[in-house]
Amino acid sequence: MHVISCLDYAEMSRKTARIIAALVQLKPHCVLGLATGSTPVGTYKELIRYHLEEDLDFSNVTTVNLDEYYGLGPEHEQSYRCFMQRNLFDHINIPPENTHVPDGLTRDVARTCAEYDNLVASLGGTDIQLVGIGDNGHIAFNEPNTVFVANTHLVDLDEDTIKANARFFASEGDVPRQAITMGMRSIFSAKLILLLASGPNKASAIARMIKGPIDPQLPASILQLHPNVVVIAVKEALALV
Ligand code: GLP
């Protein structure tokens, strides 16, 4: 794993956006794997700036998002589809049909999950996969577990995750208890994985991810097996490395 230490959130966002913008410029038909959470918001702001001020063209780009809350539809303001529209898609020239987020309202979970993995495979995997990390070491919504799960699947969210994400909802009781998440196979299809982290609350998970054993109790630790991972993190998130 290559680690880039940044002085602050703005630097992390700029550095990440620069890499993504370079890919979009060099490979206009690229496939971007995207993430939600507060960490990538600054990166998305920078990409919007590249589009508005420097004509970065997203018209041939395809995106696949990591996950979606189960039970939330695209109109729900805390759904990840809505998050992506608000923070990126509505502000760049990507055709709506090129953007993919798992369907949180599906009545056929097994089929939706299988189709999502087929979609990623049919695209030839992602060129860059952006990922954040949960305080508990989750990536996407792959929670600490006794095994790593390969396929896109429905997952019960950890109490820790529900608490951490409650800040986005009116109350903790409003946070969905389940989500549909990409599993490790589709995440690993990426040619390059950019893992972002900001904040001292991520320091322990980052240290265990980089230095610890590969352990499904710390899902991000499996990234040690991917040949091309770059961690772009604000220095306080690297304090224990
Ligand atoms: C959610 C998402 C993850 C994200 C994590 C961290 O649980 N499913 O993809 O990495 O939150 O969020 P934040 O960036 O707000 O710390």
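The values are calculated or read from the model by the stated rules, or taken from the named source; none is laboratory data. Everything numeric in this text was worked out from a predicted model, so none of it was measured. Cβ: placed from backbone, ideal geometry, glycine included. Neighbour counts: every protein chain shown. All accessible areas refer to the heavy atoms of the entire protein, side chains included, with ligands and DNA or RNA removed. Shrake-Rupley method; radii C 1.70, N 1.55, O 1.52, S 1.80 Å.
Observations on the structure shown:
- Going by accessible surface with a 1.4 Å probe and the largest first, His91, His2 read His2, His91.
- Separation of the Arg86 and Lys163 label points, Cα + 7 Å toward Cβ, nm: 2.5
- Pairwise Lys count, the chain - Cα closer than 30 Å, eight or more residues apart or different chains: 22
- C-alpha center-to-center spacing [the range 79-93, the range 132-181] in angstrom: 21
- Of all stretches in the chain that contain no GluC sites (Glu not before Pro) in a DSSP loop with at most 16 other Cβ atoms within 10 Å, the longest one is 78-241.
- Against the rule of thumb 2.2 N^0.38 Å, how large the Cα Rg of the chain comes out: 0.94
- The spacing between the range 182-241 and the range 22-72, judged by their C-alpha centroids, is 20 Å.
- Relative contact order computed over the range 74-145 (Cα-Cα under 8 Å; 6+ residues apart), in percent: 12
- Mean ellipticity per residue at 222 nm, deg cm²/dmol - from DSSP H runs of n ≥ 4 across the chain, formula -39500 (n - 2.57): -9500 deg cm²/dmol
- Within the chain, DSSP assigns beta bridges of which about 25% are antiparallel (rounded to the nearest 5).
- For the chain: relative contact order, % (alpha-carbon pairs under 8 angstrom, 6 or more apart): 25
- Percentage relative contact order, the range 1-70, counting C-alpha pairs under 8 Å, at least six apart: 41
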